[in-house]
Structures are given as structure tokens and as C-alpha cells.
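Undergrad: Pasting a structure below so you can have a look.
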Amino acid sequence: MTTNTLSRLDISKVRQVIAMLTQLPEKQVIDGSTYTDTSAWNQFITVTPLTSEPIGIENKFDAENNREIITSTRETMIAIKAYGERCYLLIEDLSTQLQTYIAQQLFKAMGGGFVCESAIKHYPEDPIEGKPQTTQLNLTLSHIHRIESSLTHGESVIITTLKESI
């Protein structure tokens, strides 16, 4: 059985949209799941998928090509965390910019749709523990995840019947 992914939410494209809306350089909007040296930056944003929930699934069988196509409509929550001295203002501006037509079109172009956002959470700097101030906003995006899977079929079937005595 061979499985190919035809469509999925591309987090790197989400990062590009966030960079465009916040006007930060793309290199300063990073994957929150991997380590990046940020010591040279005054501010930066991490983008991390948190949860992904299916809200509907469709199964299509293509007998001619011996394959099935599974399409899952999903809602994925993504944490957007800003770090640095103006992080609250950056996230507050982003929150408002998400409502603009251009933001909606950018998400649509990457195959997603903006569903909702959480309250903004701000965490002040903690110099004792060495933690910088951070501000977080969670976004929920709807998108399609589609896979194609090959099927095998039998050319013939042998059926054996047994006769039971009564």
C-alpha cells in the first residue's frame, strides 16, 4: 500500500503570513518546535501547532485507478508567541490585523481559513529566572488534509462451502 499526502496545513506558510502581517523579517518568525539561536534579536515570534481536530471526513473510492482518497477537514490551533520588549503591542496589532481582508486572503491562498483567536496572554519579564517577557495568542485555522492511498484487489476468489448435518 502506498500513501501520498496531497494537501495539508503548511506551518512554514503560516510563519510567512505572520511575518508579513507583523512586518518582522521572515528569519525572525521561527518554528517553536525546534531550537534557533535568538540571542542577536531584540524581538522574534515562534509559531507552534498545538492541537489538530477533525471536524469531518470524506472517503472516496476510485475503482478505475485502484485508490482511495481520504479528505479530513480539520481545525488546528497554533500558538503565536512574541518575545522582546514590545511583544504585547506586536501581538495586539497582529490580533487586529487578522481581521483584515488581506489576512483572510493570505490564509485562503495557503489553503486555510481563519476561524478564531484566543485572548492575548502576557507574561512579564522575570529577571530572577532569566525569562524575557512574552505574549501569546492562539489562532485556530481550518484546513483540508488529504491523502491518496493505493488499494490492492484480488483477481479471483475461491469460496468453499461446508455442509453441516442437521
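The values are calculated or read from the model by the stated rules, or taken from the named source; none is laboratory data. These numbers were taken from a predicted model, which means no experiment stands behind them. A quick note on method: Cβ atoms are made from the backbone with ideal geometry, for glycine too, and the neighbour counts reach across all protein chains shown.
Undergrad: Tell me the residue from ALA103, ALA82 that is modelled with pLDDT of 95 or more and more than 22 Å from ILE144 (Cα to Cα), please. If you could, list the steps in order and put the result at the bottom.
TA: Details: ALA103 fails: more than 22 Å from ILE144 (Cα to Cα).
Exactly one of ALA103, ALA82 is modelled with pLDDT of 95 or more and more than 22 Å from ILE144 (Cα to Cα), namely ALA82.
Undergrad: Among (1) touching a strand residue (DSSP E or B) at 6+ places or on another chain (Cβ under 9 Å); (2) at pLDDT 95 or above; (3) surrounded by fewer than 14 Cβ atoms within 10 Å (Cβ to Cβ), where does THR96 come up short?
TA: (1)
Undergrad: Sticking with this structure for a sec: Among the residues of the range 28-49, write down those that are surrounded by fewer than 16 Cβ atoms within 10 Å (Cβ to Cβ) and under 19 Å from MET110 (Cα atoms).
TA: Result: ASP31, single match.
Undergrad: Now, a different point. Quick one: count up the residues across the range 116-155 that are in a loop (DSSP other than H, G, I, E, B) and more than 22 Å from GLU68 (Cβ to Cβ). Before you say what the answer is, go through the steps one by one.
TA: Here is the first cut: in the range 116-155, the residues in a loop (DSSP other than H, G, I, E, B) are 118-120, 124-125, 127-130, 132-133, 151-155.
Those still in the list that are more than 22 Å from GLU68 (Cβ to Cβ) too: 118-120, 124-125, 127-130, 132-133.
So the count comes out to 11.
Undergrad: As an exercise: evaluate ILE102 against (1) of a type in the set (A, V, I, L, M); (2) surrounded by fewer than 16 Cβ atoms within 10 Å (Cβ to Cβ); (3) farther than 14 Å from ILE18 by Cα and give the number of the one condition it does not meet.
TA: (3)
Undergrad: Here is a follow-up. Collect the residues in the range 62-88 that are closer than 16 Å to LEU139 by Cβ and of a type in the set (Gly, Ala, Ser), keeping them in residue-number order.
TA: Matches in the range 62-88: ALA79, ALA82.
Undergrad: Under 20 Å from GLY32 (Cα atoms), small (Gly, Ala, Ser) and under 14 Å from the mean Cα position of the chain (by Cα): does that describe ALA119? Explain how you work it out, then say what you get.
TA: Values: under 20 Å from GLY32 (Cα atoms): yes; small (Gly, Ala, Ser): yes; under 14 Å from the mean Cα position of the chain (by Cα): no.
In short, no.
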